[in-house]
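Structure first, commentary second.
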Amino acid sequence: MTMKILVVGGGGREHAITRALSRNTETELYAVMARANPGISELCRELLLEKETRIDAISAFALKKSIDYAIIGPEAPLEAGVVDRLEAEGVPCMGPTRAAARLETDKAFCREMMERHGIAGCPRYRVFRTADEAVRFLEGHAGDLAVKPIGLTGGKGVRIMGEHVDRRGAVDYIRSLGSDIVLEERLIGEEFTLQAFTDGTHLVPMPLVQDHKRAYEGDEGPNTGGMGSYSMPDHGLPFITENDQRSALGIMQSAVAAMNEAGTPYRGILYGQFMNTRDGPMVIEFNARFGDPEAMNVLSLLETDLVGIIERSIDGTLSRSRVRFAEKATVCKYIVPEGYPDSPVAGQPISLGPYDPALLYYANVEEREGILSTQSSRTIAFVGLGRTLSEAEEIAELAASGVKGRVRHRRDIGSATLLKKRIDHMKELR
Ligand code: AMP
Ligand code: GLY
């Protein structure tokens, strides 16, 4: 029987989701996005070109096409309540309701939930409704802090004292935010991402991934949505012990249990962003969806049918033993417009070189009469798969460096030098 599946979102992550779904030949795929993504478009029966937060239009489209299941890529439609609406109309979704998505969309809610349920890995934090109160607290506090707006910022809203800003800069930033601010202790360590499928009770972990937020090589420059990411053949990371990995999954399991207990069950993909500190993993944040780029690493490895995973997560029968990922390394490199993220040059033509055997994922890119051109966000991504990290890196780098036009990428993602830096940093801390 053909399954009709709707994908909400139009970036690199959603291209990876759509491609994984398309490996099941019994599917008929549909997608909603603001501007046609050439990669997704090619795999779909029909697209709805519409803002991903236009709930009415999305639900009308889903009903008209008799969609069986929907899967939600980005956070904005979750926050807008797309899952609540589609499920009310009888379309089950892979993705949390608006109330459950607050785990991502409301940083104060997330921290308060962790504290209330005694979940491990919660940094010391304070929530402030006004800038004045936050500034007063900061001025009376000796250590470095992370300054965060409570709501969604596309990964670009956090300022860390001693890293992005000094004390004066932190005060200015708090004043520019004006209200609804979280201040947290600054965590020191190495970051990693653990994503899991969940049916509201069971969690199925995916391979660990490390993302690269900073725009430039050597982790310099402003924070971005993520410039690229890598994962290892054993699905761990060389600076994360098995014990750390178990703790991180335990924290996510507790968060899902707590959401259940609170009457807002969490179903979909749970993304844990962790800082591996001297004392183990601490939660930087939860996201209510796959990461972008991290989705491209894990979905390129997924051997199990994603449609089956969606079905089992909806009927509450997810089981770890039935989900398999290839035991390979992955390296994902994003090609971004020159000037990204602060002043990206949009509307510039690009041309691709030969990229095989790398996988190509389209993101914020326009195709007109066969010509690809940049938009203001991340353009396209290449994923290399290999038996070793260096093999995967070489494949991704060769593909990325073949792109011509006013674009750039980080050459160091997945490199031995960068990996050694991470390992040495962790050794130094422990
Ligand atoms: P977020 O938007 O919460 O993912 O934060 C963006 C980035 O800021 C993270 O990937 C970390 O690099 C950094 N960050 C966030 N919170 C903290 C913290 N408490 N301590 C240190 N770094 C942090
Ligand atoms: N790569 C970070 C995120 O998707 O939030």
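All of the numbers you see were taken from the coordinates with simple rules; none came from a lab. This structure is a prediction, so every number in the text was calculated from the model and none was measured. Virtual Cβ from ideal backbone geometry, glycine too; neighbours counted across all protein chains shown.
Secondary-structure-derived ellipticity at 222 nm for the chain, considering helices only, amounts to -9500 deg cm²/dmol, per-run term -39500 (n - 2.57) for DSSP H runs with n ≥ 4. Ordering Val8, Ser59, Ala34 by the projection of their Cα atoms onto the charge dipole of the range 1-112, which places +1 on the Cβ of Lys and Arg and -1 on the Cβ of Asp and Glu, puts Ala34 at the extreme positive end. Here the dipole of the chain is about 280 debye; that uses its Cα centre as origin and unit charges on the Cβ of Lys and Arg (positive) and Asp and Glu (negative).
Ellipsoid semi-axes for the chain, based on the Cα gyration tensor and the rule √(5λ), read 31, 26, 22 Å when sorted largest first. Pairs over the 25 Å Cα-Cα cut-off, from the set Lys148/Lys213; Lys51/Lys328; Lys333/Lys404; Lys107/Lys421: Lys51/Lys328; Lys107/Lys421. The dipole here belongs to the range 107-240: it is taken about the Cα centre, uses +1 on the Cβ of Lys and Arg and -1 on the Cβ of Asp and Glu, and is about 480 debye.
What shape does the range 1-42 have by the C-alpha gyration tensor, where a ≥ b ≥ c are the square roots of the eigenvalues, rounded means a/c under 1.5, and otherwise prolate means a/b greater than b/c and oblate the rest? It is prolate, given that a/c is not under 1.5 and a/b is the larger ratio. Peptides 347-358, 208-219, ordered by how many other C-beta atoms sit within 10 Å of their residues on average, highest first, read 208-219, 347-358. Could you work out the relative contact order of the chain? I mean the mean sequence separation of Cα pairs under 8 Å and 6+ apart, divided by the number of residues, in percent. About 16 percent, as a whole number. Peptides 320-332, 281-293, ordered by how many other C-beta atoms sit within 10 Å of their residues on average, highest first, read 281-293, 320-332.
Peptides 3-16, 300-313 ranked from most to least packed give 3-16, 300-313, packing being the mean of other C-beta atoms within 10 angstrom over each peptide's residues.
For the range 49-93 and the range 205-229, write down the distance between their C-alpha centroids in whole Å. Cα centres, the range 49-93 to the range 205-229: 30 Å.
The relative contact order of the range 105-191, computed from alpha carbon pairs under 8 Å that lie at least 6 residues apart in sequence, is 41 percent. In terms of Cα to Cα distance under 20 Å, which lysines are near enough to Lys4, apart from those fewer than 8 places away along the same chain? Reachable lysines: Lys64, Lys65.
Only Cα pairs under 8 Å and 6+ residues apart enter the sum, and on that basis the relative contact order of the range 321-430 stands at 34 percent.
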